[in-house]
Amino acid sequence: MFKRATGVILPPPVIYLLFLAAAWLLDSAVPIALPQSIWTDYFGWGLIDAGVLLMLWAGLLMLWRKTTVNPYGKPARLLEEGPFRFSRNPIYLADSLIYCGIALLWGTLWPWLLLPALIFTMRRAVIMHEERLLTQLFGDDYVAYCGRVRRWL
């Protein structure tokens, strides 16, 4: 197996999909329904829409600034504008919003119970490696950025 720049094994969207699949399997085995209303549908779709928009905003900015969107690639520059002003990981935040939107639409407790493990997995399997790489590439500029901008929100 070849070594990737960040050391990440699975693509981040696959990690989110695996957790959704686990929630679905757990719900199939042991259903734990949550109350549903028209509002949970509205909020669910709202979170999905917000996640897609945030992902597009961050992704298009990365392309415009000619740095990689690929989590296995080597970033060409440190972005501190757009959604990167309020989150060091706006695309992973967007993935999480979409995950939560799907969880609301499903109306089961399992995705919510798995959410802390998902966030922990993203931090350990993806974000820590990316942060290490960014520190190596951008040094004090990245450290200062981390002091100003939170990892998620």
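Look at Leu56 and say whether it is surrounded by fewer than 16 Cβ atoms within 10 Å (Cβ to Cβ) and more than 21 Å from Leu17 (Cβ to Cβ).
No.
If you take the residues in the stretch 1-48 that are touching a Leu at 6+ places or on another chain (Cβ under 6 Å), assigned to a loop (DSSP other than H, G, I, E, B) and among the β-branched types (Val, Ile, Thr), which one is modelled with the lowest pLDDT?
Among those that are touching a Leu at 6+ places or on another chain (Cβ under 6 Å), assigned to a loop (DSSP other than H, G, I, E, B) and among the β-branched types (Val, Ile, Thr), it is Thr6.
So the check is Cβ under 6 Å with 6+ separation or different chains; which pairs have a first residue in the stretch 93-108 that's assigned to a helix (DSSP H, G or I) and a second one that's modelled with pLDDT under 95?
As it stands, the answer is Leu93/Trp152, since those pairs meet every condition given.
Can you confirm whether the stretch 34-51 contains a residue that is in contact (Cβ under 8 Å) with a residue 60 or more places away in the chain, surrounded by 13 or more Cβ atoms within 10 Å (Cβ to Cβ) and within 21 Å of Pro13 (Cα to Cα)?
Yes - at least one qualifying residue is present in the stretch 34-51.
So that you can scan it fast, the table gives a plain yes or no per residue for (1) touching a residue at least 24 places away in the same chain (Cβ under 8 Å); (2) surrounded by 14 or more Cβ atoms within 10 Å (Cβ to Cβ):
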residue	(1), (2)
Met62	no, yes
Glu81	no, no
Phe84	yes, yes
Ile91	yes, yes
Pro111	yes, yes
Leu118	yes, yes
Met122	yes, yes
Gln136	no, no
Asp140	no, no
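The values are calculated or read from the model by the stated rules, or taken from the named source; none is laboratory data. The structure displayed is predicted, hence computed values, not measured ones. Every residue, glycine among them, receives a Cβ derived from its backbone with ideal geometry; neighbour counts consider all protein chains shown.
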